[in-house]
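A short worksheet on the structure shown next.
The values are calculated or read from the model by the stated rules, or taken from the named source; none is laboratory data. What you are looking at is a predicted structure, and each value in this text was computed from that prediction instead of being measured. Cβ coordinates were reconstructed from backbone atoms using ideal geometry, including for glycine residues, and neighbour counts include every protein chain displayed.
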Amino acid sequence: MNLASPISGIMDAFNNGKIGSMIAVEGGHSMDSRLGVLRMFYDMGVRYMTLTHSCNTPWADNSYVDDDVPILNLTAYGEMVVKEMNRLGMLVDLSHVSHGVMNRAIEVSRAPVIFSHSSAYSVFTHNRNVPDDTLDRVKANGGVVMVNFYNGFIAQNASGATIDDVAAHINHIAKRIGPDYVGIGGDYDGVSQMPAGLEDVSKYPDLIDYLQNEDPALWTDENLQKLAGLNLIRVFKKAEEVRDSLAHEQPYQYWIPEEDLNAVDDENLWKCRTLLDNSSPSMIGELVVDK
């Protein structure tokens, strides 16, 4: 396996029979609201970051805010985070953010965005999934939505979820905005349940076969190649082209306003801290089910 930094690294690994692996940061809380830390992440090899995880950052709402009234949406500082990610060539990952943040981040971003592990809200109404109006924006932006397999995000009957449920999400996105804007984001590394027929990564060929057998007109060999990875590669390549076009732009050097920092309390931020033991059982469930 190779560490893939520029887009060429992914293709070099593939052409040599290896896997190209990208480094990601899951949760913008990790940058501590400091653009200098974001730049440090990029220098260390990070190539995409979700703006939030299971908590709000002081500049963006996470997906569970959709249950209530938006607190922050994407603040002016959050917009600068998106723009600085564009300048660096780091992919803006909108999995885990609220509906409002999804739409505003797409409006602000100068490069295509990704949803690294989110499914279709119209197929199953869960906050972690992408509503149709946002799917339309993804198409206009040139981004990609990579479908999550976790039972709790794809089916009402989580214990009875199957490969058919995953196919329904993939098909909805492909039919709504086209096969150029959908991918696979299995999320095998930390959830408690996977659908029958997709228990592990060895089942990916079964999913490909299932889709093509179900709708061969839609899922041609060319479109299946896009689904399996070429759509993400296209987005990553475009993000690097945007980065190169912004080479003249100076780094964003602004401090986050103090009132924004005070908008998110310590109890909320605790929800995003990784636990290494069972010292806080109240948080275990959320961390297990919402990777």
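Pairs are defined by a Cβ separation below 7 Å, a sequence spacing of at least 6 or placement on different chains, a first member in segment 188-211 that is in the same structural domain as PHE149 (by TED's automatic domain parsing) and closer than 21 Å to ASN171 by Cα, and a second member that is among the charged types (D, E, K, R) and surrounded by 15 or more Cβ atoms within 10 Å (Cβ to Cβ); the pairs so defined are PRO195/ASP165; GLY197/LYS203. Where strands (runs of 3 or more DSSP E) fall entirely within segment 1-107, those with at least 2 residues that are out of contact with any helix residue (DSSP H, G or I) (no Cβ under 8 Å at 6 or more places or on another chain) are at 23-26, 46-50. Scanning segment 71-104 for residues being farther than 21 Å from PHE41 by Cβ, aliphatic (A, V, I, L, M) and buried (at least 20 other Cβ atoms within 10 Å of the Cβ) gives a total of 2. Of all the criteria given as (1) modelled with pLDDT of 95 or more; (2) crowded, with 23+ Cβ neighbours inside 10 Å; (3) farther than 23 Å from GLU258 by Cα, the one not satisfied by GLU107 is (2).
Within the span defined as segment 87-105, every residue fails to be among the polar types (S, T, N, Q) and free of Cβ contacts under 8 Å to residues at least 12 places away in the same chain.
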